[in-house]
Structure formats: structure tokens, C-alpha cells
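Worksheet for the structure shown next.
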Amino acid sequence: MTELIRKKLNDSPVARWTAMFIVSFTMMCGYFITDVMASLEVMCTAPVAEGGLGWSSSEYGFFSGAYGYINVFLLMLFFGGIILDRCGVRFTGVMSSSLMLGGALLKWYALSTDFGDATFLGYHLQVVLAALGFAIFGMGAEITGITVTKVIVKWFQGKEMALAMGLQVAMARIGTAVALACSLPLAKAMGHVSYPVLFGAICLCVGLLAYLVYCVMDKKLDRSLEAVDSDPEERFHLRDLKLIFTNKGFWLITLLCLMFYAGVFPFLKFATKLMIAKYHVGEEMAGLIPAMLPFGTILLTPLFGSLYDRIGKGVTLMIIGSVMLTLVHLLFASPFLPTWWFAIFVMVILGIAFSLVPSALWPSVPKIIPMKQLGSAYATIFYIQNIGLSMVPVLIGWVIETFSTHTAADGQVSYDYTLPMLIFASFGIIAIFLSLMLKKEDARSHYGLEELKAKK
């Protein structure tokens with residue numbers, strides 16, 4: 001009986017998997033809002049007379065990149081990591097989930113309101129307010145992301161951590177998949193682009209309530225750890241940041257994350273229009289083809305996570321995924337087979353790549369960075385990642401508007417996506433070199449990224 005009483009809460013498979021699913025649900029709701037506008041570019045850039053918002057491609061790029069503006073320029077994600085390490089997952093998770101909800105509501109208000117011809121900073125006022133809401137949401141979403149990641153490490157360290165992270169990513173992708181597949185049909189059925197955002201805000205309310213339930217479980221976990229006289233987690237100090245910033249392996253993972261995700265998420269924001277312009281599919285199907293990416297990762301990411309738990313080879317998985325990412329964008333840039341089935345085939349390859357790299361990348365960080373510094377480490381990775389998520393859509397929007405948009409004599413507009421796809425391919429090439437460097441550094445520093453367990 002004493003053994004049962006002294007058992008830690010996370011030793012129970014039911015308890016730790018329940019905790020994982022609760023926090024993953026919160027992230028799933030967040031990912032829906034993150035990607036809800038990706039398939040609505042067609043309606044955003046359509047003239048007001050045709051039921052659109054009348055935005056330019058540059059304005060849409062500015063709005064899409066707003067997700068990371070506060071995180072990047074005000075360093076809030078970096079500070080969020082410090083708050084996480086000092087204040088814990090309960091306070092930080094509730095704070096960040098509330099920011100997500102507030103930002104989503106502001107975004108909905110901006111999109112649902114007609115501001116006429118009012119402008120600010122050279123953009124329509126509607127664009128600026130929607131971008132501000134998206135930026136506030138993005139700050140909350142990224143801090144929630146690092147919080148959930150630390151939650152999983154806390155509950156699964158020494159257990160099925162890669163599988164748990166894979167399942168968390170899979171649930172997040174459900175949010176992305178539903179957003180990409182359903183937002184355009186919902187917006188068309190309701191007659192306005194704001195309705196999918198409103199639906200997402202309602203889901204976020206439920207997600208916040210779910211995280212409050214997790215807080216109760218986390219408090220019980222801490223009590224169970226105290227009951228078995230476990231060594232308490234060392235207190236985080238600002239001087240610990242030096243240990244993170246001087247770690248070469250950490251920076252290689254960080255830059256790899258930047259390049260890889262820059263080749264995926266910004267691409268999805270322009271993929272719907274690519275399908276229409278190059279592969280000549282209807283608007284409805286154009287949103288469904290990019291949606292195949294997250295649907296595929298729902299199954300594959302846990303599978304590859306489980307594979308990492310079983311055989312290791314984390315860096316090898318990252319190398320393979322980076323090669324596949326590069327191949328995908330080179331195929332999209334090529335003039336061959338401009339048909340819908342080829343676009344689906346290439347998207348399937350991207351789905352495999354997008355499952356391989358995250359399933360190995362995120363569980364690799366705790367092998368390099370101690371637990372007490374993990375929040376700040378993940379925050380730094382997310383911060384650098386946000387630079388790409390913020391700047392790349394602006395770059396691609398400008399490239400499309402400047403170099404890829406052609407107007408015929410009869411006023412017909414056409415798009416050539418070769419240059420944007422080559423830019424995305426260059427991110428993949430850099431990711432390949434970074435992953436090869438990481439493999440070399442792993443062999444030198446003995447992180448254990450290619451092994452089943454990190455060496456002590």
C-alpha cells in the first residue's frame with residue numbers, strides 16, 4: 001500500500017496521457033485560428049464588389065506575417081520562456097491561452113467591421129487591426145506552444161516522450177487541417193470571411209477551460225513528486241541563459257527549425273492560390289489539397305515519434321525530411337505536369353517531410369538542454385522560428401506582387417509561382433546543410449541524438 005501512495009502521478013499511463021490530450025486540445029484550437037485565413041486569400045484579395053475584402057497581395061502578406069510581429073520585435077516570446085521557467089506551466093499556460101482568445105476576438109472584430117477607406121501606416125485600417133489581433137494571438141499561441149512542450153517533457157521524461165510529442169503535433173495538425181479544409185466553404189456559406197474566425201474564437205474558449213482542468217492535474221503531480229521525496233527542479237536563474245546560448249548543438253537545431261518551418265507554414269498561406277493559378281483547380285478543391293498536409297501528419301508524426309523512441313536516429317530523420325522538403329518545392333517550381341493529381345502527389349511528399357522533422361527535432365532538445373532551462377530554450381527556438389514565420393510571408397507576398405503577377409492586355413491577371421517556389425526550395429537546401437552539421441556535432445559532443453537515450 002505504501003508503494004501505491006508513494007507512486008508519482010506521471011507513473012500512471014492513464015494520468016500522463018490524459019494530461020497530454022488535454023493540453024494538446026488547447027493547442028489544436030490555437031492552430032485552427034493560426035491557419036484559418038490560409039485558404040481565404042482568394043476572398044481577402046477579391047474586390048469588395050465581389051464579396052471580398054479588397055486587400056492587395058502585399059496587405060495579405062503583411063497580415064499573414066503579423067503572427068510573429070510582437071514575438072520578434074518586442075521579444076515577448078523570449079520573455080515568455082523566462083516567465084515559464086520561473087512561474088511554471090500553470091500560470092504561463094492560463095496567461096498565454098487568454099492572450100490567444102483576446103487576439104482572436106480582435107481579429108474577428110476587424111474582419112467583420114467595415115472601416116471604409118480609412119488607412120494606417122499605408123495599409124487599410126481593417127488590415128492593420130486584423131494584423132494586431134493576429135499578432136496578439138501569435139504571442140499567446142507561441143508561449144502556449146512552449147508551455148505545452150514543457151508539460152509533455154515534465155510528464156513523459158524517461159518514458160514515451162517522442163511518441164507523446166508526435167501525438168501532440170498530430171492533434172495540432174487536426175486544427176490546421178480543419179481550418180484549411182473548412183474555412184473557405186464556411187466563409188462562402190455564411191457570406192463573409194469573418195465567420196470561420198468567430199468559430200475559432202469559440203473553440204478557444206473551450207480550449208482555455210480545458211487548460212484550467214489540466215492545472216488541477218498539474219498541481220496533483222507536484223504534490224505526488226513531493227510525496228516521493230523527488231529532487232525538486234532546480235530554480236532557473238538568468239545566468240543559465242549563457243549555458244543555452246553557448247551550446248553549438250542547440251543553435252544548429254534552432255537554425256534548422258527556422259529554415260524548415262520557413263519552407264512549410266508560409267508556403268501553406270499561399271498554397272491555395274498556387275493550386276488555382278498553376279494546377280487549374282476550382283476554389284473549393286484548391287483549399288482541400290493543402291489540407292492534405294496536416295491530415296497526413298496526423299497519422300505519420302506519432303508513427304515517426306514512436307520510431308524515434310524505438311531506434312533513435314533523430315538527426316537522420318531530420319536530414320531525410322529536409323531533402324524531401326527541398327524536392328517538394330523544386331517540383332512545385334518546375335513546369336511539368338500542371339495537373340491536380342501531381343499537386344496532390346507532391347503535397348503527400350511534403351506531408352511525410354513535415355512529419356519526419358518535427359517528430360525528431362522537438363524531442364531532441366531535452367537531450368541537449370537541462371530541464372530547468374528548457375522553457376527558455378524552447379522559447380528561443382520559437383522566437384527564431386517566428387522571425388521566419390513573420391518575414392517570409394511578407395517577402396513572398398512582395399515577390400508575387402512584383403515579379404509573379406502579370407496583367408494581359410484584356411485585363412486578365414495571371415501568376416507565375418516559379419520564383420516563390422525557388423525561394424522556398426532554398427530554405428530546404430540550407431536545412432540539409434544544417435542537419436549534416438548537427439550530425440557531425442552530435443558525434444563530437446555525444447548528445448545521443450542518434451541513440452535511444454542521451455548519454456549521461
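The values are calculated or read from the model by the stated rules, or taken from the named source; none is laboratory data. On a predicted model such as this, the values are computed, not experimentally measured, just so you know. Note: ideal-geometry Cβ built from the backbone for every residue, glycine included; neighbour counts use all protein chains shown.
A few comments on the model shown:
For (1) surrounded by fewer than 23 Cβ atoms within 10 Å (Cβ to Cβ); (2) among the charged types (D, E, K, R), each residue gets a yes or a no:
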site: PHE115; (1), (2): yes, no
site: ALA118; (1), (2): yes, no
site: GLU160; (1), (2): yes, yes
site: ALA164; (1), (2): no, no
site: SER194; (1), (2): yes, no
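- Selection status of VAL392, of a type in the set (Val, Ile, Thr), buried (at least 24 other Cβ atoms within 10 Å of the Cβ) and in contact with a Leu (Cβ under 8 Å, 6 or more places away or on another chain): no
- Scan segment 421-438 for residues that are buried (at least 18 other Cβ atoms within 10 Å of the Cβ), of a type outside the set (Gly, Ala, Ser) and either within 17 Å of PHE250 (Cβ to Cβ) or in contact with a strand residue (DSSP E or B) (Cβ under 6 Å, 6 or more places away or on another chain) (or both) and the total you get is 2.
- Pairs, first in contact (Cβ under 8 Å) with a residue 12 or more places away in the chain in segment 263-286, second charged (D, E, K, R), C-beta under 6 Å, six or more apart: THR272/GLU41; LYS273/GLU41
- Some residue of segment 406-413 being touching a residue at least 40 places away in the same chain (Cβ under 8 Å) and either at negative phi or of a type in the set (D, E, K, R) (or both): no
- One residue from ILE311, ILE349, ILE400 being more than 28 Å from GLY93 (Cβ to Cβ), free of Cβ contacts under 8 Å to residues at least 60 places away in the same chain and either in contact with a Lys or Arg (Cβ under 7 Å, 6 or more places away or on another chain) or not polar (S, T, N, Q) (or both): ILE349
- Criterion: farther than 16 Å from CYS29 by Cα, touching a Ser or Thr at 6+ places or on another chain (Cβ under 9 Å) and either assigned to a helix (DSSP H, G or I) or at pLDDT below 90 (or both) - qualifying residue of THR144, THR92: THR92
- Residue count, segment 274-303 (criterion: over 14 Å from MET347 (Cα atoms) and buried (at least 24 other Cβ atoms within 10 Å of the Cβ)): 1
- Unique match (being in a helix (DSSP H, G or I), of a type in the set (A, V, I, L, M, F, W, C) and modelled with pLDDT under 90) among ALA210, ALA130, ALA164: ALA164
- For segment 24-52, filtering for residues that are closer than 20 Å to ILE396 by Cα, buried (at least 20 other Cβ atoms within 10 Å of the Cβ) and not acidic (Asp, Glu) leaves 8.
- Scope segment 83-104; condition surrounded by fewer than 18 Cβ atoms within 10 Å (Cβ to Cβ) and either within 13 Å of ILE384 (Cα to Cα) or touching a helix residue (DSSP H, G or I) at 6+ places or on another chain (Cβ under 7 Å) (or both); matching residues: VAL94, SER98, GLY102
- Tally of residues being of a type in the set (S, T, N, Q) and either out of contact with any helix residue (DSSP H, G or I) (no Cβ under 8 Å at 6 or more places or on another chain) or in a helix (DSSP H, G or I) (or both) across segment 105-127: 2
- Subset of segment 53-82 (residues that are under 27 Å from VAL213 (Cβ atoms), of a type in the set (A, V, I, L, M) and crowded, with 20+ Cβ neighbours inside 10 Å): MET76, LEU77
- Filter result (crowded, with 19+ Cβ neighbours inside 10 Å and modelled with pLDDT under 85) within segment 241-257: ILE244
- Out of SER359, SER376, sole residue that is crowded, with 21+ Cβ neighbours inside 10 Å, at pLDDT below 85 and out of contact with any strand residue (DSSP E or B) (no Cβ under 8 Å at 6 or more places or on another chain): SER376
- Taking the criterion of being over 25 Å from PHE79 (Cβ atoms) and either of a type in the set (Val, Ile, Thr) or surrounded by 18 or more Cβ atoms within 10 Å (Cβ to Cβ) (or both), the residues of segment 124-143 that qualify are HIS124, GLN126, VAL127.
- Residue within segment 408-420 that is buried (at least 23 other Cβ atoms within 10 Å of the Cβ) and assigned to a helix (DSSP H, G or I) present: yes
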